[in-house]
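First comes the structure, then the notes that go with it.
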Amino acid sequence: MPACAIVDQHPVRRAGLERFVAESGRLSVAASARCVDDLLAGDAPLDVAIVDLTGWSGDPALPAIGRVADRCPVVVTMSWKGSPGFGALLRAGARGFVADHCDGHVIVAALTTVGEGGFYVCPGLTGRFEAEMVPGRNVDPAGLAPREVETLRWIAQGLTHAQIAGRMGLTEATVNTYAKRIRAKLNAGNKAELTRIAIERGHLTR
């Protein structure tokens, strides 16, 4: 079961999220803190963390996200005003985004997905993410074919080649061929690089 950390300056909200996550049966709460400094003062092994940005304003949040991302993948809670842009947060290390009004089920889904190596944007932020990050999302600059783009999306979400083959109605050998072509076109040596590129190009939001 993935171990998560919760960082939120509001004690009542933090306690409620701790309880909901623990009761979900999908994650364990390994750490809970008022701020990033308090979290990083501990040494509990972590698979994913959620950091509330609604009390932050602009760029000062970015170094804090980067420090947490050095330890584990990060989901951020964002408001419509004041939070840094998606591009800056991605560069800082964020791999999941949820709106501040999302319920616990969405937060658990985000933590589980990111903790397993995937990427998550909650439905309430998808339009904003696309508008900011993918102005030309119908064209792939590396010349990936549509089926290669689809394969890249599944790889970035953490699926194995066998699972991707089942989703796309292909043989695993065909998916292997697509993956080799994608790595060559993108000059990517591993899954982490493929995931980063997929995020930057917005292929996870289509």
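The values are calculated or read from the model by the stated rules, or taken from the named source; none is laboratory data. What you are looking at is a predicted structure, and each value in this text was computed from that prediction instead of being measured. Every residue, glycine among them, receives a Cβ derived from its backbone with ideal geometry; neighbour counts consider all protein chains shown.
Restricting attention to segment 10-57, which residues are surrounded by fewer than 18 Cβ atoms within 10 Å (Cβ to Cβ), in a loop (DSSP other than H, G, I, E, B) and out of contact with any strand residue (DSSP E or B) (no Cβ under 7 Å at 6 or more places or on another chain)?
Once the filter is applied, which keeps residues that are surrounded by fewer than 18 Cβ atoms within 10 Å (Cβ to Cβ), in a loop (DSSP other than H, G, I, E, B) and out of contact with any strand residue (DSSP E or B) (no Cβ under 7 Å at 6 or more places or on another chain), segment 10-57 yields HIS10, GLY25, ARG26, ARG34, ASP43, GLY55, SER57.
Suppose the filter is modelled with pLDDT of 75 or more, at negative phi and not assigned by TED's automatic domain parsing to the domain that holds ASP43; does GLU150 pass it?
Yes.
Determine if segment 69-78 includes at least one residue that is under 16 Å from ASP103 (Cβ atoms), part of a helix (DSSP H, G or I) and among the hydroxyl-bearing types (Ser, Thr, Tyr).
Residues of segment 69-78 that are under 16 Å from ASP103 (Cβ atoms), as a first pass: 75, 77-78.
So of that shortlist, the ones also part of a helix (DSSP H, G or I) come out as none.
No, that holds for no residue.
Here is a yes/no grid of residues against (1) outside the structural domain of GLY158 (by TED's automatic domain parsing); (2) farther than 14 Å from ARG128 by Cβ; (3) within 15 Å of the chain's Cα centre (by Cα); (4) in contact (Cβ under 8 Å) with a residue 40 or more places away in the chain:
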residue	(1), (2), (3), (4)
ARG71	yes, yes, yes, no
VAL75	yes, yes, yes, yes
PHE97	yes, no, yes, no
CYS102	yes, no, no, no
VAL106	yes, yes, yes, no
ALA110	yes, yes, yes, yes
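Show the residue pairs meeting these rules: Cβ distance below 9 Å; 6+ apart or different chains; first residue within segment 144-163 and among the basic types (Lys, Arg); second residue surrounded by 19 or more Cβ atoms within 10 Å (Cβ to Cβ).
From residues that are among the basic types (Lys, Arg), the pairs are ARG147/TYR178; ARG153/ALA198; ARG153/HIS203; ARG153/LEU204.
Based on this model, can you work out whether VAL74 counts as out of contact with any Cys (no Cβ under 7 Å at 6 or more places or on another chain), surrounded by 14 or more Cβ atoms within 10 Å (Cβ to Cβ), at pLDDT 90 or above and not aromatic (Phe, Trp, Tyr)?
Values: out of contact with any Cys (no Cβ under 7 Å at 6 or more places or on another chain): yes; surrounded by 14 or more Cβ atoms within 10 Å (Cβ to Cβ): yes; at pLDDT 90 or above: yes; not aromatic (Phe, Trp, Tyr): yes.
The answer is yes for VAL74.
Among the candidates THR160, THR151, THR195, single out the residue that is buried (at least 16 other Cβ atoms within 10 Å of the Cβ) and under 22 Å from PRO73 (Cα atoms). If you could, list the steps in order and put the result at the bottom.
Values: THR160 fails: buried (at least 16 other Cβ atoms within 10 Å of the Cβ); THR151 fails: under 22 Å from PRO73 (Cα atoms).
Selected residue: THR195, the only one of THR160, THR151, THR195 that is buried (at least 16 other Cβ atoms within 10 Å of the Cβ) and under 22 Å from PRO73 (Cα atoms).
Please pick out the residue among LEU159, LEU204 that is at pLDDT 80 or above and not in a helix (DSSP H, G or I). Before the answer, list the steps.
On the way: LEU204 fails: at pLDDT 80 or above.
Just one listed residue meets the conditions, LEU159.
Got at least one residue in segment 129-145 being closer than 30 Å to VAL7 by Cα and either aromatic (Phe, Trp, Tyr) or at pLDDT 80 or above (or both)? Don't jump to the end; show me each part of the working.
We begin by selecting, within segment 129-145, every residue closer than 30 Å to VAL7 by Cα; these are 129-134.
Add one more test, that the residue is either aromatic (Phe, Trp, Tyr) or at pLDDT 80 or above (or both), and what stays is 129.
So far as segment 129-145 goes, yes, one or more of its residues are closer than 30 Å to VAL7 by Cα and either aromatic (Phe, Trp, Tyr) or at pLDDT 80 or above (or both).
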